[in-house]
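The values are calculated or read from the model by the stated rules, or taken from the named source; none is laboratory data. This structure is a prediction, so every number in the text was calculated from the model and none was measured. Positions of Cβ are backbone-derived with ideal geometry, glycine not excepted, and every protein chain shown enters the neighbour counts.
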Amino acid sequence: MNFFLELLVGGLTKGGIYALIALGYTMVYGIIALINFAHGEIYMIGAFTGLIASLFFSSLGLTGWALLALVIMVAALWAAMYGLTLEKIAYAPLRKASRLSPLISAIGASIFLQNFVLLTQTPNYLLFPDLASDLPGLSFLKPIAHLASPIQVCVIVMVALILAVLTFILKKTWTGLAMRAVSQDPLMAQLTGINLNKVIARTFILGSVLAAIGGVLIGCATRQIDSNIGFLAGLKAFTAAVLGGVGSAPGAVLGALILGFAESFTAGYFSGDFEDVVAFVLLTLILTIKPSGLLGQKIAQKV
Amino acid sequence: MSLKALKLTLVKAWPGALWLIIVAGPLVILRVNEITGRVEFVAERVVKLLVGAFLAAFLWGLFRQLSGSPEGRKGNPPPLKRLGLSALIGAFISLKVNALNKSRLFWVIVALCLLFFPLMTSPYALKVATSVLIYIALGLGLNVIVGLSGLLHLGFAAFYGVGAYAYALLGHYLGWGFWVCLPLGGLAAALLGLALGLPVIRLTGDYLAIVTLGFGEIFRLLLTNLDVTFGPRGIGQIAPPGFFGLDLNQTFKPFLEANIGLNPAMDLNKVWIYLIVLGLVALSVKVASRLENSRLGRAWLALREDEIAARAAGVNIAFTKLTALALGSFFAGLAGVIFAAQITFINPPSFSFMESIYILVIVVLGGQGSIPGIILGATIITVLPEFLRGSDNYRLLIFGGLLVLMMVFRPQGLLKRGR
Amino acid sequence: MLPSDAPTAGNPILSTHNLSMRFGGLLALSEVSLAVKRGSITAIIGPNGAGKTTLFNCLTGLNNPTSGLITYRPQEGQTVNLTHGSLDKAARLGLARTFQNIRLFNELTVLENVLIGLHSRLKAGLWGALTGNKKTRAEEALALELANDLLQKQGFGDLTKVLAKNLPYGLRKRLEITRALAAQPTILLLDEPAAGLNGGEAQDLIKLIREVKSEGNLTIILIEHDMSLVMSVSDEVHALEYGRLIASGTPAAIQRDERVIKAYLGEE
């Protein structure tokens, strides 16, 4: 039973982080129907800037909650800048191009960013400092430490909080309304005076911030990062987004959680070798049965 | 472009450069030391960062003006459309190709040069040439799926891998030879193409892309984790293709060395493989050009352009998609068998996602749907890295950057599809 | 009395019985029963959103009706149930159509568009395409000839190598009809063929419709808002409103029909 609970918590943690990345994918897709292939790299860059920031600030003597908060803020800020730059250079000029061009451009950007970090930093694994286990005020978690480590609790709670904030942004703010309007009908939204470029930029910022938080959290959870982590994580997060129905934010979260659980249980009960296979098998199966994803809406085509 | 406009572009580059410095700065000048676990300030990169950021911003502005893109046009200088370097090269090459297409003599000369190429060259050049040819075959195969039918396939390397592993495994376990395995490898890939096709018939666009990507990853992960395929260690000592049971090096080499001046380091087995793949490419080009002007080829094009209109013209979508997938995969399977024979050792990383991307780029780089474009694309993708100095990662960095720039400034590819 | 029961007409070439189509909560077609006479020009009229295009989509298999029956008689004495058909199957059975928002193969040439229109009349498959055998080559040559002849006749003389996207609007509409004609259909379904055409072009269209009808043994069904066009070419008119068939009859009878007038002008 304990083993089961452990796997459950592990799956929830993993799924939570996938959800943070998947949301960025799904929001961008909802707005400009683009698979932002380089989104996984933004997550990786978030982890790296987070690492640099944490080493820098802890050398200044910062610890605990202040350190964690500052690290996340720095990572989010830089990831947002990378996301914006990416949009401006690799996607914005291709707004009217055929579908294939932006995707290739995105793949190019992904390869570029991955090797950029590899060359400026290191091709090897880097140790990520343990920012969460000794946070003051979390000692009450000790009794359940055998089931869920503090960092896992931290990840789960933060993801839940972020989802609440995101829901608020999407449902209650003007930006969220504009985003939803653009994803329904970009032309009509522009006619009502919505600045498309602004909405797209904000979507990229929002998505990048979420990915960066995911990057810092994964660093804390696995304690090591390298320049390759973005690729597979990005791929799986996109899988999660597609699973749930691309363009749907709750769908992305649902897809991410399913994926997290599936991987965790496969690794636990079957074999760790096939953990990565599961994601793609699941994807193929669900799309075969329900091509628009779990919560995706089938769009009636007007002819 | 006037001097004044150039100056203006220089001045306009500053804000962009500043932005790039802020964005890229921390990762460039601060490096985490993996041993001490501390952040180091790398002073010698500061100048590089400043110069690099300014140069990037300046060239970006310049390109945008030259390519006459909307943002570039806002400025003072008049748009000098299609004066970009790549456009010039593209126009030049397409002119040449079109003019030469007509002449039969030209093709005879090309064929002779290609046939006797191994006799005049080094083993290294032969290896590169064989790679180019294998990539042309792969590109032509993927072109059926992506270029003609518009099905975005991101897992094509898996089908290439099926061919390679089919030969390696059948050779290892059953001792089957190249000539038996060549059609089998093609068929196995085609069958897998159909197996992938059946569930994805209903999928379109990006969903299809992501499923094919996932399919490719499943294949690679299975190769890595299964014992039958020898996991990550891969399979070595793959036999060269037979030639009527003769040992080529023993039988022919002394004669060729003495009389024609064959490079003594040349392995005749590799020459034989080169000739086989040359034959395959010739056949593929022939078949591909036939397909383009056939009922089936037009059905693929119709599918790419507008699925509903295609159906309204009586095109059976399922059949059309499946034939495209099966046929494209068949090419890949053949290329895979030859690849395994050429390289004699295969392991899963040869069939990774990046490999799929390389093949996709070959199709897009040259100009979608254009056969000369694919030949050009395969040549560039294979030969260019041989010239770029520095580590693999520098090459990849440049490769990634070039992909973005090409899509932004010349998305239609270097050559346009001629009609 | 339904027109299908008219004694002189023979069996209708296409008829629907209680055809209904529901999209979620919206009833786009409600129990529509109508019949199209062989060799006639039949117009479907009605205000926007009346269900005209949905009717077309059901007839051509793009949508399958929620309930009801569609019967197609390609020849006398031959009956095909089209209720659960599909677009490509309907096309192969001789129903060719155009679309309200023109659907051409934009990146392909005018000639290629028409060649694809010939698709269901040609036979070459994978093997033929791969080997390029004699039979395939002969068929290909014949296809080219047919397509070129058709294009000449429709006035695309020097435009065969032009990309479809580069044609002006009027010619795009004409090309779509030409592509449909290439299939040598039994029934030609035109969805708003005159929409967006200027006066001269609309006159040409009327001429074209009359010509193709008199030349081939063709039945034409068209959706149209241009009443003068409807009145001048059609033999029979069906009027739809809110998914219901409100009137069927000759153009003259429809013009006098009170419910049709009400549907178009609204109630006071």
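Quick check: is even one residue across the range B:195-203 over 20 Å from B:Phe330 (Cα atoms) and at pLDDT below 80?
yes
Quick one: is C:Ala129 more than 25 Å from C:Lys173 (Cβ to Cβ), of a type in the set (A, V, I, L, M, F, W, C) and either assigned to a loop (DSSP other than H, G, I, E, B) or at pLDDT 90 or above (or both)?
When the stated conditions are applied, C:Ala129 does not pass them.
Scanning for something surrounded by fewer than 21 Cβ atoms within 10 Å (Cβ to Cβ), more than 24 Å from the chain's Cα centre (by Cα) and part of a helix (DSSP H, G or I), does the range B:275-287 turn up at least one residue?
No, the range B:275-287 has no match at all.
Run A:Gln190 past the list (1) touching a helix residue (DSSP H, G or I) at 6+ places or on another chain (Cβ under 6 Å); (2) crowded, with 16+ Cβ neighbours inside 10 Å and report the number of the one that doesn't hold.
(2)
Of everything in the range C:144-180 that's in contact with a helix residue (DSSP H, G or I) (Cβ under 6 Å, 6 or more places away or on another chain) and of a type in the set (Gly, Ala, Ser), which residue is nearest to the other protein chains (Cβ to nearest Cβ)?
Checking each candidate, the answer is C:Ala164.
Looking only at the range C:32-53, how many residues end up being within 14 Å of chain A (Cβ to nearest Cβ) and buried (at least 23 other Cβ atoms within 10 Å of the Cβ)?
Residues flagged as within 14 Å of chain A (Cβ to nearest Cβ) and buried (at least 23 other Cβ atoms within 10 Å of the Cβ) within the range C:32-53 amount to 2.
Considering only residues of the range B:8-51 that are among the small types (Gly, Ala, Ser) and farther than 30 Å from A:Gln224 by Cα, which is modelled with the lowest pLDDT?
The qualifying residue modelled with the lowest pLDDT is B:Ala13.
Going residue by residue through the range B:213-234, is there one that turns out to be in contact (Cβ under 8 Å) with a residue 24 or more places away in the chain, over 16 Å from B:Phe351 (Cβ atoms) and surrounded by 14 or more Cβ atoms within 10 Å (Cβ to Cβ)?
No - not one qualifying residue is present in the range B:213-234.
Take the conditions closer than 30 Å to B:Met407 by Cα and either at pLDDT 85 or above or more than 14 Å from chain B (Cβ to nearest Cβ) (or both) and apply them to A:Leu55. Does it pass?
Taking the combined requirement at face value, the residue does not satisfy it.
Given the options B:Ile343, B:Ile380, B:Ile359, name the one that is at pLDDT 85 or above and within 20 Å of B:Leu126 (Cα to Cα).
Among B:Ile343, B:Ile380, B:Ile359, only B:Ile343 is at pLDDT 85 or above and within 20 Å of B:Leu126 (Cα to Cα).
Any residue at all in the range A:89-108 that is among the polar types (S, T, N, Q), out of contact with any strand residue (DSSP E or B) (no Cβ under 8 Å at 6 or more places or on another chain), facing another protein chain (nearest Cβ under 8 Å) and farther than 24 Å from A:Ile31 by Cβ?
Scanning the range A:89-108 turns up no residue that is among the polar types (S, T, N, Q), out of contact with any strand residue (DSSP E or B) (no Cβ under 8 Å at 6 or more places or on another chain), facing another protein chain (nearest Cβ under 8 Å) and farther than 24 Å from A:Ile31 by Cβ.
Among the residues of the range B:294-314, how many are in a helix (DSSP H, G or I), within 7 Å of chain C (Cβ to nearest Cβ) and not hydrophobic (A, V, I, L, M, F, W, C)?
5
If we scan the range B:263-271, do we find a residue that is closer than 22 Å to B:Asn143 by Cα, in the same structural domain as B:Gly163 (by TED's automatic domain parsing) and surrounded by fewer than 19 Cβ atoms within 10 Å (Cβ to Cβ)?
No, that holds for no residue.
Counting just the residues of the range A:50-81 that are under 16 Å from A:Ala221 (Cα atoms) and among the β-branched types (Val, Ile, Thr), which one comes out nearest to the chain's Cα centre (by Cα)?
If we take residues in the range A:50-81 being under 16 Å from A:Ala221 (Cα atoms) and among the β-branched types (Val, Ile, Thr), then A:Ile72 is nearest to the chain's Cα centre (by Cα).
Checking the conditions here, which among B:Ala164, B:Ala91 is modelled with pLDDT under 85, among the small types (Gly, Ala, Ser) and in a helix (DSSP H, G or I)?
Among B:Ala164, B:Ala91, only B:Ala91 is modelled with pLDDT under 85, among the small types (Gly, Ala, Ser) and in a helix (DSSP H, G or I).
Specify which of the listed residues (C:Asn106, C:Asn101, C:Asn57) is within 12 Å of another protein chain (Cβ to nearest Cβ), of a type outside the set (Phe, Trp, Tyr) and crowded, with 21+ Cβ neighbours inside 10 Å.
Answer to the selection: C:Asn57.
Condition first: under 13 Å from A:Ile72 (Cβ atoms) and within 11 Å of another protein chain (Cβ to nearest Cβ). Now tell me which residues in the range A:35-49 satisfy that.
A:Thr49
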